[in-house]
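No lab work stands behind these numbers, since they all come straight from the coordinates. What you see is a predicted model, and the numbers here were worked out from it, not measured in a lab. Heads up, the Cβs are rebuilt from the backbone with ideal geometry, glycines too, and the neighbour counts pull from every protein chain shown.
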DNA sequence: TCCGTGACACAAG
DNA sequence: CCTTGTGCCACGG
């Protein structure tokens, strides 16, 4: 099973009206530094994957190849009750608590000489 | 195999 | 707040 497939499986678990961040999905899959690969996985995902519930760490909708889907994402989110405040989603309120508080997980920084 | 790319995250300034 | 620099790692060519 590829990383992308596992990412899809995790994203399918996000309930309506909640969102998760790219980093959060990566962390839940045991790869907290692999947020970017989550974005790649969403590039061409199956239609039953609620891709619109994945946003960046600022609660914003990330830029992508086809800008039209950004508007689609916002419409779908507001359609299920996720409100944007000044262009961002208040994660305090709408973040999916998948796997409990996967937020602010300890991160390893570069080792110094 | 190696190398560049990217729908990201985060610490500093 | 916002901007910049750096770290990360799956994927494709």
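Quick one: grab the alpha carbon gyration tensor of region A:14-60, order the square roots of its eigenvalues as a ≥ b ≥ c, and give me rounded if a/c is under 1.5, else prolate or oblate depending on whether a/b is larger than b/c. Because a/c hits 1.5 or more and a/b fails to exceed b/c, region A:14-60 counts as oblate. Each label point was placed 7 Å from the Cα along the Cα-to-Cβ direction; for residue A:44 and residue A:78 their separation is 3.2 nm.
Using the per-residue mean of other Cβ atoms lying within 10 Å as a proxy for protection, in what order, highest first, do the peptides A:39-48, A:24-33 fall?
On the way: A:39-48: 13.3, A:24-33: 18.9.
Result, highest mean first: A:24-33, A:39-48.
Scaled against the 2.2 N^0.38 Å expected of a compact globular protein of N residues, the Cα radius of gyration of chain A reads 1.06.
Based on Cα contacts under 8 Å between residues 6+ apart, chain A shows a relative contact order of 30 percent.
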